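Throughout, read-outs are computed from the coordinates displayed, never taken from laboratory work. Only a predicted model underlies this, so the values are computations on that prediction, with no experimental measurement involved.
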Amino acid sequence: MKRLLVVGLVLVSSAAWAGEAERAAKREAEKVLKEATDNFKTNCGCALKADVKWDKIKTGDQISQVKNLGNSLKDGADSFCKAKDDSEDAKKAAADNKKAICAMKSLEITNGKEADVKFASGKASIVLTDSSYVSWDMIQRAVDKD
């Protein structure tokens with residue numbers, strides 16, 4: 001009986017340990033995504049809300065893809081919404097980019113079998129997988145199609 005109790009405690013503690021790693025990864029992914037949406041607002045001049053379907057994104061690999069998406073979003077907004085130089089053409093291009101990308105008001109992020117993004121009515125519906133995420137370029141193309 002004591003042996004069974006010890007084995008049970010070891011299994012429970014190892015499960016709790018794995019859960020702690022995923023909770024820490026989730027906090028980190030949420031932080032990166034928040035930084036990305038804040039950066040989007042700063043650089044593109046419009047708010048972007050991110051809704052992660054955490055009931056579908058549970059494993060460390062899946063959570064890592066949320067973080068990768070956040071990093072891609074941050075980097076994309078940096079380059080897409082800022083003028084490349086001080087010329088009038090660059091400033092106009094940046095203004096046009098901002099106007100186009102600001103049609104995107106929210107992100108809905110979930111997990112599925114194939115990475116994809118669809119855009120309609122101001123919302124980008126993003127599907128991540130265990131091993132791939134949606135890049136800024138994919139988001140930009142989806143918004144441009146609409």
Cα-Cα pairs in the chain separated by more than 20 Å, as a whole percent of all pairs, come to 52
Relative contact order as a percentage, the chain, C-alpha pairs under 8 Å and 6+ apart, gives 23
So the angle from the long Cα axis of helix 136-145 to the longest Cα principal axis of the chain, reported in degrees to the nearest 10, equals 50
DSSP beta bridges in the chain: the antiparallel percent, rounded to 5, is 35
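Under the rule a/c < 1.5 gives rounded, and otherwise a/b versus b/c splits prolate from oblate, where does the range 15-84 land using the Cα gyration tensor?
On the way: a/c = 3.17, a/b = 2.66, b/c = 1.19.
The shape class here is prolate.
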So the pair-distance distribution of the range 51-100, from every Cα-Cα distance in 5 Å bins, comes to percents of 4, 19, 19, 14, 11, 10, 10, 8, 4, 1
